[in-house]
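Notes to accompany the following structure.
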Amino acid sequence: MNTSDPSVTYANYLRLDELLALQQPRSDGPEHDELLFIVIHQVYELWFKELLHELDRVAALLAIDEPHRAQHTLKRILTILKVLVAQLDILETMTPLEFLSFRSRLEAASGFQSDQFRQIEFLLGAKSAASIARFAVGGRARVALERRYRESTLWDAFLHYLAREGYPVPAANLTRDVTTPITPSPQIQDILVDAYRTDAKTQGICERLVDLDEGFAEWRYRHVRMVERTIGVKSGTGGSPGAAYLRTTLGQNLFPDLWEIRSRL
Ligand code: HEM
């Protein structure tokens with residue numbers, strides 16, 4: 001920012017007038033807790049935007065063989081993830097009755113419809129064509145998701161990096177259909193065991209990827225616990241069975257090979 005330019009101020013640089021006008025409660029009154037609910041979701045979406053920005057950066061740094069800078073960026077991502085998990089504590093100060101005071105005004109709106117959350121999942125390899133169908137054809141969200149669906153994942157960027165480092169990554173892994181799930185591969189596991197024993201730089205990246213996997217799982221777990229304490233077993237505003245559905249998303253490793261090798265080390 002050019003501080004000598006008097007036309008640039010804190011408020012106009014950050015577009016504060018627009019930003020502070022974006023919280024629009026729908027309940028009558030409005031109900032006190034609805035502002036917290038809106039602010040927290042908006043803050044999440046901003047962090048999701050930043051996470052996508054940083055995850056794209058990690059893939060780009062691996063593609064140009066900059067493992068140290070990729071690790072540095074991964075550390076930033078993990079720090080953001082910790083903030084995302086910690087933020088749920090704030091929402092948990094809202095009691096079930098406080099949430100019910102405005103819940104009906106959400107109608108069918110739900111975190112289900114967060115395209116940025118799905119984009120993060122896609123980038124991390126958890127792709128689902130079905131979740132794209134929920135977004136209006138031609139809209140910003142749909143276009144972004146369709147692009148992410150076709151693009152290679154962070155795991156693919158890592159496999160290509162390993163191959164360039166001289167590891168014997170099978171061609172089938174390097175040319176796999178990137179819209180399909182990441183499945184465990186015995187050959188990749190052999191490579192990873194070797195890297196853990198002999199190559200501290202690659203091991204470092206692997207450990208940060210495990211942190212990322214764990215951090216994402218932690219958010220899912222804390223979110224479902226929050227849902228259970230706030231709405232019990234009621235169905236979600238997005239039309240799913242609620243906590244029962246969310247529990248089905250737990251326990252799925254993003255990078256299965258990195259977990260498979262643990263018992264061999
Ligand atoms: C009182 C607070 C909250 C409740 C009761 C709640 C409830 C739910 C429920 C029941 C679902 C399942 C889909 C549905 O049928 O609607 C869901 C999904 C989701 N929620 Fe929340 N949620 C809350 C807060 C949040 C916050 C703060 C975020 C942050 C962005 C969030 C993000 C998501 C996402 C991304 C999904 C989709 C998860 C997936 O499909 O794996 N939720 N939520």
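The values are calculated or read from the model by the stated rules, or taken from the named source; none is laboratory data. As the structure is a computational prediction, the values presented were derived from the model and not from experiment. Here the Cβ positions follow ideal geometry from the backbone for every residue, glycine too, while neighbour counts run over all protein chains shown.
Among the candidates Phe48, Phe37, Phe112, which residue alone is near the ligand (Cβ under 9 Å from one of its atoms), at pLDDT below 95 and either buried (at least 19 other Cβ atoms within 10 Å of the Cβ) or within 19 Å of the chain's Cα centre (by Cα) (or both)? Residue meeting the stated conditions: Phe112. When the stretch 117-152 is filtered for residues that are β-branched (Val, Ile, Thr) and free of Cβ contacts under 8 Å to residues at least 12 places away in the same chain, the ones remaining, listed by number, are Val137, Val143.
Determine if the stretch 186-204 includes at least one residue that is assigned to a loop (DSSP other than H, G, I, E, B), over 20 Å from Glu54 (Cβ atoms) and in contact (Cβ under 8 Å) with a residue 40 or more places away in the chain. Among the residues of the stretch 186-204, not one is assigned to a loop (DSSP other than H, G, I, E, B), over 20 Å from Glu54 (Cβ atoms) and in contact (Cβ under 8 Å) with a residue 40 or more places away in the chain, which makes the answer no.
Is it true that some residue in the stretch 129-147 is out of contact with any Gly (no Cβ under 9 Å at 6 or more places or on another chain), buried (at least 17 other Cβ atoms within 10 Å of the Cβ), β-branched (Val, Ile, Thr) and over 23 Å from Thr198 (Cβ atoms)? Yes, the conditions are met somewhere in the stretch 129-147.
Quick one: which residue in Phe135, Phe122, Phe158 is among the aromatic types (Phe, Trp, Tyr) and under 20 Å from Arg220 (Cα atoms)?
One residue alone meets the criteria, Phe122.
If a residue has to be outside any helix (DSSP H, G or I), within 12 Å of the ligand (Cβ to nearest atom), modelled with pLDDT of 95 or more and surrounded by fewer than 17 Cβ atoms within 10 Å (Cβ to Cβ) to count, how many in the stretch 62-109 make the cut?
Within the stretch 62-109, residues that are outside any helix (DSSP H, G or I), within 12 Å of the ligand (Cβ to nearest atom), modelled with pLDDT of 95 or more and surrounded by fewer than 17 Cβ atoms within 10 Å (Cβ to Cβ) number 3.
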